[in-house]
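Computed from the coordinates by the stated procedures, all read-outs in this text should not be read as laboratory data. The structure presented is a predicted model; accordingly, all values stated were derived computationally and were not measured. Here the Cβ is made from the backbone with ideal geometry for all residues, glycine too, and neighbour counts use every protein chain on show.
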């Protein structure tokens with residue numbers, strides 16, 4: 001699984017290290033100006049700014065130490081320029097250093113709490129999107145998940161694969177909304193799929209099971225506000241003998257099929273209802289069949305990919321991008337998608353992203369399962 005957005009420790013290099021040293025640089029600059037300019041300029045009165053800046057990026061002890069250094073610098077400057085108003089500035093340095101130390105303590109507490117929340121969010125997300133094997137019999141598969149910004153790092157994107165007696169069955173979808181309620185709704189759908197994919201012969205019955213599970217979850221945990229909670233979903237079945245695929249699309253972005261350089265957008269002729277909305281608009285599900293030859297690449301994705309934006313507001317041209325890809329393994333395709341998405345959006349993703357790339361192995365396409 002190609003993955004991004006997980007918390008990790010990073011060694012600061014280059015500009016990052018310079019930013020961390022900015023309170024020291026500020027202290028040196030202020031002290032130098034205070035010493036090199038006439039006393040009337042009173043640059044020394046800016047010394048309390050250094051510990052205040054340090055509180056935004058340093059722990060408590062270094063912040064206090066910098067405030068102490070500023071205090072001694074002020075005392076030293078008073079020996080050179082007796083009329084600087086030393087005591088008033090010294091009192092300001094002490095007051096600002098105490099406040100800065102307290103602010104640094106509060107910031108570190110918030111950062112620790114946020115880190116723990118992110119760990120819980122990551123664990124919850126992994127329950128929904130557990131790692132899957134890269135090969136099911138004669139089918140190669142790779143998954144991609146990209147977290148959005150830190151405040152939206154957990155959402156309702158989901159996918160799953162099941163090697164059933166009826167062939168390989170895949171699920172990908174997206175619950176409207178973010179946070180733990182969306183993840184709970186996604187988990188209910190995925191768990192229902194894990195059971196129904198093995199027990200139901202017809203994909204229509206699988207979809208009905210998913211809709212029922214989603215409806216029950218929404219009844220037990222109703223969404224806040226007037227908006228209904230629903231989910232898009234795409235079900236894919238690849239029979240063991242290969243040669244074709246069956247799709248059932250419940251309002252999800254259409255998959256892309258790349259066959260020897262030719263791209264097909266597998267738009268459903270008759271869309272099926274979104275999950276948890278079947279009671280309102282009817283449970284008329286439609287399964288469509290397409291050719292799926294050895295070497296073909298099938299890309300399933302959530303709307304975060306198609307809606308990734310550049311700085312000028314233009315959406316990521318996914319279909320154009322896909323049509324330009326050379327024949328590749330699923331892992332190579334998603335690695336390229338990962339790289340180009342981040343480059344296109346300058347690393348600023350507005351939504352979580354999930355994708356599955358599927359390929360039928362050429363030299364085993366006709367072997368029995």
Compute the angle between helix 330-345 and the longest alpha-carbon principal axis of the chain, please, reported from 0 to 90 degrees and rounded to the nearest 10. 40 degrees
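With a cut-off of 8 Å between alpha carbons and a minimum separation of six or more residues, what is the relative contact order of the stretch 130-364 in percent? Could the numbers behind the result be given before it?
Numbers: 488 pairs, mean separation 60.8, N = 235.
26 percent.
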Any chance you could give the angle, 0 to 90 degrees and rounded to 10, that helix 179-199 forms with the longest Cα principal axis of the chain? 20 degrees
For the Cα atoms of the chain, what angle does the longest principal axis make with the long axis of helix 203-220, in degrees from 0 to 90, nearest 10? 40 degrees
Could you tell me which label, among (i) 40, 24, 22; (ii) 58, 23, 16; (iii) 36, 24, 18, carries the value of semi-axes √(5λ) of the Cα gyration tensor in Å calculated for this structure? (ii)
Under the rule a/c < 1.5 gives rounded, and otherwise a/b versus b/c splits prolate from oblate, where does the stretch 192-310 land using the Cα gyration tensor? oblate
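Arranged from highest to lowest average of other beta-carbon atoms within 10 Å per residue, in what order do the peptides 332-345, 290-303 appear? Intermediate results must be reported in sequence, preceding the final value.
Numbers: 332-345: 17.1, 290-303: 20.1.
For the peptides 332-345, 290-303, the packing ranking is 290-303, 332-345.
Counting pairs of alpha carbon atoms under 8 Å apart in space and at least six apart in sequence, what relative contact order in percent does the stretch 2-120 give?
Details: 108 pairs, mean separation 33.3, N = 119.
Result for the stretch 2-120 is 28 percent.
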Using just the C-alpha positions of the stretch 2-120 as equal point scatterers, what log10 of I(q)/I(0) does the Debye formula give at each q in 0.14, 0.17, 0.18, 0.22 1/Å? -0.64, -0.84, -0.90, -1.17
Given a 10 angstrom Cα cut-off, can you work out which residue in 261, 85, 251 is the most mobile in a GNM of the chain? 85
